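Novice: Structure incoming, see below.
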Amino acid sequence: MDSQAIALHLAESIDISGCRKTINKKLIFGDRDELFYSDASRYLYIFRYGIVSFYGFGESDISNVLEEIKPHCDGWRQSDLTESIEMELVSEGSRAKVTNSKIILPQSSVEGMRLALLHLSQSVALDYFAGLSEQIMKETRKYTNYLEHNGKLDLGGKKLKKYIARVLNINNQISENLYIFDSHEVVWEDEELDRLDRNLKQIFDLKERYRTIREQGYIIKENLSLFKDIMDHRESSRLEWIIIILILVEVMDLFIMRIIN
């Protein structure tokens, strides 16, 4: 049986507890970060970081589920960030197989389905965080170009602090929500699932894309450290001039007092 699996980026975050109370489907797995449901031969996977993935659902059914989820979304913005892949469920005894265009799973492999939807969702999440990272990189290049051409930094104290906080929040989101290098707990004692897990990571190019985002993060951090040093030096110079001016004022005051007396 062939059908399409699809993952959608819906929001900045999803209230998992609220969804758990609302959605009336068979819960296969749930914790504070994710919910995995089965509905006959269909599957639904919801992630705290704003991604939802489906298998076996038609467009109208997906729309209905999204209406259920929407009240529990923070920053709802059903975006163009989606990804899909063909999946085929085959008879028992067959091995899972991953190609560039299709994932083949035994019909009873619920955990295999969970892995497939997990990595499909992680792929969409990588697209989202790659976009955020690239946006920060562009802003950083703008400041470094200004520094190169003007010999000074176009970034004040408060503005720099807000910029640093924004970068740290994005890096924290990436660290909290992407576990590309960690093997899912279901694969630890199952050789077949472990092979499927490795093949899925490879077909979606998850590790390389994650490394690119992390490397951009390191570059941005180095630039922020430089910006902070420049700001500290500027503040230090300003304080030195204030002290010099105060000393001069004090000397002038003493000089004037002596002349008057």
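Novice: Any chance the stretch 10-31 includes a residue that's surrounded by 18 or more Cβ atoms within 10 Å (Cβ to Cβ), assigned to a strand (DSSP E or B) and over 21 Å from the mean Cα position of the chain (by Cα)?
Specialist: no
Novice: Something else: Across the stretch 50-84, what is the total count of residues that are small (Gly, Ala, Ser) and in a helix (DSSP H, G or I)? Talk me through it step by step, then tell me what you get.
Specialist: Start the filter on the stretch 50-84 by keeping residues that are small (Gly, Ala, Ser), which leaves 50, 53, 56, 58, 60, 63, 75, 79, 84.
After this cut, where a residue has to be in a helix (DSSP H, G or I) as well, the list is 60, 63.
Total meeting the criteria: 2.
Novice: Only one of Glu134, Glu148 is surrounded by fewer than 16 Cβ atoms within 10 Å (Cβ to Cβ), in a helix (DSSP H, G or I) and under 26 Å from the mean Cα position of the chain (by Cα); which?
Specialist: Working: Glu148 fails: under 26 Å from the mean Cα position of the chain (by Cα).
From the options Glu134, Glu148, the qualifying one is Glu134.
Novice: Take the residues of the stretch 208-254 that are among the basic types (Lys, Arg) and surrounded by 12 or more Cβ atoms within 10 Å (Cβ to Cβ): which is modelled with the lowest pLDDT?
Specialist: Going through the stretch 208-254, the residues among the basic types (Lys, Arg) turn out to be 209, 211, 214, 221, 228, 234, 238.
So of that shortlist, the ones also surrounded by 12 or more Cβ atoms within 10 Å (Cβ to Cβ) come out as 209, 211, 214, 221, 228, 234.
On the way: Arg209: 89, Arg211: 87, Arg214: 83, Lys221: 80, Lys228: 74, Arg234: 59.
If we take residues in the stretch 208-254 being among the basic types (Lys, Arg) and surrounded by 12 or more Cβ atoms within 10 Å (Cβ to Cβ), then Arg234 is modelled with the lowest pLDDT.
Novice: Check off (1) free of Cβ contacts under 8 Å to residues at least 60 places away in the same chain; (2) assigned to a strand (DSSP E or B) for Tyr45 and give me the number that stays unchecked.
Specialist: Result: Tyr45 fails condition (1) only.
Novice: Please tell me if Val167 is modelled with pLDDT of 85 or more, of a type in the set (Val, Ile, Thr) and part of a helix (DSSP H, G or I). Spell out the reasoning first.
Specialist: Working: modelled with pLDDT of 85 or more: no; of a type in the set (Val, Ile, Thr): yes; part of a helix (DSSP H, G or I): yes.
So Val167 does not fit the description; no.
Novice: A further question on this structure: Out of Lys97, Lys102, I need the residue that is at pLDDT 90 or above and assigned by TED's automatic domain parsing to the domain that holds Tyr55. Which one? First the steps, then the outcome.
Specialist: Working: Lys97 fails: at pLDDT 90 or above.
Answer to the check: Lys102.
Novice: If you don't mind, there's one more thing I want to ask. Consider Ile6 carefully, then state whether it is in a helix (DSSP H, G or I) and either in the same structural domain as Leu206 (by TED's automatic domain parsing) or within 25 Å of the chain's Cα centre (by Cα) (or both). It would help to see each step written out before you state the result.
Specialist: Working: in a helix (DSSP H, G or I): no; either in the same structural domain as Leu206 (by TED's automatic domain parsing) or within 25 Å of the chain's Cα centre (by Cα) (or both): yes.
It is false that Ile6 is in a helix (DSSP H, G or I) and either in the same structural domain as Leu206 (by TED's automatic domain parsing) or within 25 Å of the chain's Cα centre (by Cα) (or both).
Novice: Separate question: Give me the pairs: first residue in the stretch 116-130 and of a type in the set (Phe, Trp, Tyr), second residue part of a helix (DSSP H, G or I), beta-carbon distance under 6 Å, and six or more apart or on different chains, which are they?
Specialist: Close Cβ pairs (under 6 Å, with a partner that is part of a helix (DSSP H, G or I)) amount to Phe129/Ile174; Phe129/Ile213.
The values are calculated or read from the model by the stated rules, or taken from the named source; none is laboratory data. Computed from a prediction, not measured in an experiment: that's the story for all the values here. Cβ sites come from the backbone with ideal geometry, for glycine too, and all protein chains shown count toward neighbours.
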